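No lab work stands behind these numbers, since they all come straight from the coordinates. The model shown is predicted, which means the values in this text are computed figures rather than measured ones. Positions of Cβ are backbone-derived with ideal geometry, glycine not excepted, and every protein chain shown enters the neighbour counts.
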Amino acid sequence: MVNKMITNTTPETELERLFQAKIDAEQKIEPKDWMPDAYRQNLIRQMSQHAHSEVIGMQPEGNWITRAPSLRRKAVLLSKVQDEAGHGLYLYSATETLGISRAEMITALQTGTAKYASIFNYPTQTWGDMGAIGWLVDGAAICNQVSLQRTSYGPYARSMIRICKEESFHQRQGYQIMIELAHGTPAQKDMAQDSLNRFYWPSLMMFGPHDSESAHSARSMKWKIKRETNDDLRQKFIDQTVSQINYLGLEHPDKALEWNEERGHYDSSDLDWDEFYSVINGNGHCNRQRIQHHVKAHEDGAWVREATAAYNLKKEQRLARDAA
Ligand code: FAQ
């Protein structure tokens with residue numbers, strides 16, 4: 001147990017040494033603990049972007065709620081989209097423990113200072129895309145988030161445990177849509193194949209750039225904010241997806257995919273990194289639409305925030321009056 005008395009006069013280098021020792025000993029960092037400013041800022045960046053991804057991620061699926069093919073499918077999709085809102089809320093709250101307000105995070109999203117996952121800038125054109133998103137996008141998100149359950153910041157790690165449980169359900173509902181389509185009529189099978197072809201590559205991009213290009217990985221791994229690297233997680237996802245594609249009886253979108261006995265992994269084609277950087281820099285198919293929609297929803301909800309503030313003020317005034 002790393003448990004040394006920390007006082008206001010403890011020098012910064014000693015604080016940093018104790019902080020790293022705590023991390024190396026797999027102890028969690030909690031909101032009131034001392035932490036280097038760069039650790040705090042890096043966490044705010046990653047966690048707020050994660051929260052934004054959950055919230056913006058509601059839009060591509062929200063687009064299909066009214067067009068889902070049955071009442072049951074509408075109810076399932078609706079509750080999945082609501083779960084994503086919940087994930088955004090846990091993550092915004094967890095990020096607020098680092099000393100940033102929700103309003104500041106929203107401004108960063110709406111002005112383009114903060115990113116969100118590139119995948120949500122791709123359009124959802126068919127019902128098959130709901131299957132592909134649940135299966136591949138939630139599947140990739142889980143692959144990453146299971147490792148984040150062991151992240152060094154306590155509130156983030158705890159929120160990941162609950163989120164992963166819900167994402168697992170989301171992944172299964174998506175795969176079930178794919179099973180029905182892939183084993184359905186020829187037109188349904190074509191729809192499933194088309195969705196797989198369009199969502200496979202952007203799902204692999206969710207893991208971020210190659211480790212050699214990743215600006216934050218080295219420090220995030222040292223601080224155990226990230227527990228596995230972008231490339232290792234992507235490889236895990238590539239490997240696990242092969243048998244799922246086979247079971248569906250669909251063609252693998254990567255024609256160069258080949259088992260490498262020596263590595264014990266599949267070798268695969270490299271991604272289109274120009275496309276990745278173009279999307280994360282705001283030029284994907286739906287970037288503008290996603291932010292415009294968020295801004296409009298935020299403005300439409302202004303009266304709720306104003307009503308809550310007025311109610312809280314009234315409550316405080318009543319308490320003060322009663323106490324006087
Ligand atoms: N999209 O140095 P790195 C979900 C940026 S949740 C956009 O490698 P890092 C649920 C990165 O931010 C999905 N930007 O960065 C759901 C950085 O830019 P910055 C979200 C990306 O942080 C499912 C720059 O590139 N999950 O899907 C992307 O060490 C279905 C350099 O990159 C999380 O956020 C990208 N794909 O590693 C909802 C998990 N990749 O900030 C609805 C938590 C990289 O310097 C429906 N996050 N960038 O301006 C992480 O694990 C990490 O942040 C990574 C990136 C792995 C995403």
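For the range 267-283, the Karplus equation 6.51 cos²θ - 1.76 cosθ + 1.60, evaluated at θ = phi - 60°, returns couplings of 8, 9, 5, 6, 8, 7, 6, 5, 4, 4, 5, 5, 5, 6, 8, x, 10 Hz by residue, with Gly and Pro reported as x. Counting other Cβ atoms within 10 Å as a rough exposure proxy, the listed residues Leu71, Leu271, Leu136, Leu204 run Leu71, Leu271, Leu204, Leu136 from fewest neighbours to most. Cβ crowding within 10 Å ranks Val242, Val55, Val137 as Val242, Val55, Val137, fewest other Cβ atoms first. Here the 3J(HN,Hα) profile of the range 145-156, calculated from phi with Karplus coefficients 6.51, -1.76 and 1.60 at θ = phi - 60°, is 6, 4, 6, 6, 4, 9, 5, 6, 8, x, x, 5 Hz, Gly and Pro shown as x. Share of pairwise Cα-Cα distances greater than 22 Å in the range 213-301 is 55 percent (whole percent). Each part reduced to its alpha carbon centroid, the range 242-282 and the range 96-167 end up 22 Å apart.
In this Cβ point-charge picture (+1 for Lys and Arg, -1 for Asp and Glu), the chain has a dipole of about 1420 debye about its Cα centre. Computed over the alpha carbons of the chain, Rg followed by Dmax gives 22.0, 78 Å. Going through the cross-link list Lys80/Lys189; Lys80/Lys226; Lys80/Lys165; Lys115/Lys165; Lys22/Lys165; Lys115/Lys236, which pairs have a Cα-Cα distance over 21 Å in this structure? Cα-Cα > 21 Å for Lys80/Lys189; Lys80/Lys226; Lys115/Lys165; Lys22/Lys165; Lys115/Lys236; rest within. Legend: ranking of residues Thr95, Thr111, Thr124, Thr10 from fewest to most surrounding C-beta atoms inside 10 Å; resulting order Thr111, Thr10, Thr124, Thr95.
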